[in-house]
Amino acid sequence: QAKEAGRNTHHFFNQEMHKNLRRRLEIENQLKHALEKGELFLLYQPIVEAKTYELKGLEALIRWDNELLGRVMPDEFISVAEQSGLIIPIGNWLVNEVLAQMKCWHGSVLEDIAISINVSPRQIQDQSLQPLINDALEKYSFTASKLILEVTEGLLIRNPLEAKSNLQRLKDLGVQLAMDDFGTGYSSLSNLKNFPFDILKIDRTFVRDIEKDDDDYALVSAAVSMGRGLGLRIVAEGIETKNQLEILSDMQCDSVQGFYFSRPLSAEAIKDWSEKYHYKPNPQ
Ligand code: C2E
Ligand code: MG
Ligand code: MG
Ligand code: MG
């Protein structure tokens with residue numbers, strides 16, 4: 001009986017692994033042609049000041065609609081893009097796409113706000129990223145300090161010295177750096193001090209249960225005050241309720257982002273949203 005069950009589990013395990021592998025290969029095969037087929041696009045989510053609700057910036061979030069696979073979310077395909085190296089051409093496209101979009105918004109209420117993009121470790125290690133961003137900033141005459149690069153802590157673990165010099169080279173362009181998803185993975189406050197970050201983004205998994213979970217409350221509260229003590233601006237992700245907004249605002253969190261204000265929206269939709277919001281800056 002036990003042997004039988006063991007064999008079945010084993011069999012099931014292999015099937016699952018096979019399925020996952022097949023999916024990854026399919027994603028990689030399709031992703032190779034996603035750029036040329038114009039299947040990748042960006043959504044934009046507002047980031048607002050916690051106290052005044054003033055619109056401060058947007059985060060660009062990538063989406064992929066493939067004819068075979070349908071909508072694939074970045075949590076699934078970015079790791080494939082990283083491992084296959086496809087993240088380099090995708091990242092190059094994204095920098096130009098975002099700055100071209102910001103140029104289109106000249107003269108609108110989105111003119112002066114900041115734009116955040118997610119940059120994965122492999123891109124940071126790539127020596128062509130710095131000149132690429134430099135060229136794009138010039139090409140679109142975009143003020144460097146309004147471009148924010150969001151990186152996760154994973155980057156800092158393997159080779160901290162190399163990561164530091166790569167981040168510093170990017171900082172030298174005048175862009176800002178944000179540590180994304182703080183609190184997950186190998187979070188360490190010393191990273192905040194040792195690397196040239198301007199912004200700390202608190203992961204939404206801690207915001208989610210902040211009303212009920214005392215540990216999450218304590219963790220967020222400590223991260224906010226220590227981050228502020230180190231001179232960083234704090235952004236809380238995943239704000240879905242008025243209550244969460246008020247808690248984070250009371251903790252002196254600078255900015256917030258989440259479905260409570262808006263889901264990520266297409267370029268057209270975020271422009272409409274921002275115009276309505278500009279005249280009535282109140283969530284919901
Ligand atoms: P992230 O950078 O931490 O982005 C925030 C994620 O939280 C987004 O998921 C966003 O849609 C989601 N979110 C925002 N507010 C709320 C909320 O109130 N509730 C909930 N439940 N979720 C919320 P998304 O767009 O699926 O992106 C997932 C991750 O994929 C991103 O996490 C980022 O790490 C990565 N990613 C997205 N776009 C890019 C990109 O262009 N390049 C790279 N390298 N990574 C990207
Ligand atoms: Mg991010
Ligand atoms: Mg995040
Ligand atoms: Mg994330």
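The values are calculated or read from the model by the stated rules, or taken from the named source; none is laboratory data. Predicted model only: the values in this text are computed from it and were never measured. Counting neighbours? That spans all protein chains shown, and the Cβs are built from the backbone with ideal geometry, glycine included. Surface areas here come from the heavy atoms of the whole protein model, side chains and all, with no ligands, DNA or RNA. Shrake-Rupley method; radii C 1.70, N 1.55, O 1.52, S 1.80 Å.
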Task: Every pair of residues 6+ apart whose Cβ atoms lie under 6 Å, when the first sits in the stretch 108-119 and is more than 16 Å from W273 (Cα to Cα) and within 13 Å of ligand 4 (Cβ to nearest atom) while the second is of a type outside the set (D, E) and open to solvent by 10 Å² or more (accessible area, probe 1.4 Å) - done: S116/I148
Task: the stretch 140-181, subset under 13 Å from L192 (Cβ atoms) and in contact (Cβ under 8 Å) with a residue 60 or more places away in the chain, residue nearest to ligand 1 (Cβ to nearest atom) - done: D180
TODO: Keeping to the stretch 145-201, report how many residues are among the aliphatic types (A, V, I, L, M), within 18 Å of G238 (Cβ to Cβ) and out of contact with any strand residue (DSSP E or B) (no Cβ under 7 Å at 6 or more places or on another chain).
DONE: 0
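Of the residues that make up the stretch 45-65, is at least one assigned to a helix (DSSP H, G or I), under 21 Å from L265 (Cα atoms) and more than 16 Å from ligand 4 (Cβ to nearest atom)?
No, the stretch 45-65 has no match at all.
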- [ ] Considering (1) surrounded by 22 or more Cβ atoms within 10 Å (Cβ to Cβ); (2) part of a loop (DSSP other than H, G, I, E, B), say which one G238 fails and leave the rest.
- [x] (1)
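Of P89, P121, which residue is at pLDDT below 95 and either under 19 Å from N166 (Cβ atoms) or not polar (S, T, N, Q) (or both)?
Numbers: P89 fails: at pLDDT below 95.
Of the residues listed, the single one that is at pLDDT below 95 and either under 19 Å from N166 (Cβ atoms) or not polar (S, T, N, Q) (or both) is P121.
Do you know which of the residues in the stretch 54-76 that are of a type in the set (A, V, I, L, M, F, W, C) and within 14 Å of the chain's Cα centre (by Cα) is most open to solvent (accessible area, probe 1.4 Å)? Let's see the steps before the verdict.
Pass one, the stretch 54-76, residues of a type in the set (A, V, I, L, M, F, W, C): 55, 58, 60-62, 64, 68-69, 72-73.
Imposing the further condition that a residue be within 14 Å of the chain's Cα centre (by Cα) reduces the set to 58, 60-62, 73.
Values: L58: 0, A60: 5, L61: 37, I62: 17, M73: 90 Å².
Among them, the one singled out is M73.
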TODO: Name every residue in the stretch 47-73 that is over 30 Å from P281 (Cα atoms) and either among the basic types (K, R) or touching a residue at least 40 places away in the same chain (Cβ under 8 Å) (or both), in order of residue number.
DONE: L68, L69, R71, V72
TODO: Could you list all residues from the stretch 32-41 that are outside any loop (DSSP other than H, G, I, E, B) and either within 16 Å of ligand 3 (Cβ to nearest atom) or acidic (D, E) (or both)?
DONE: none
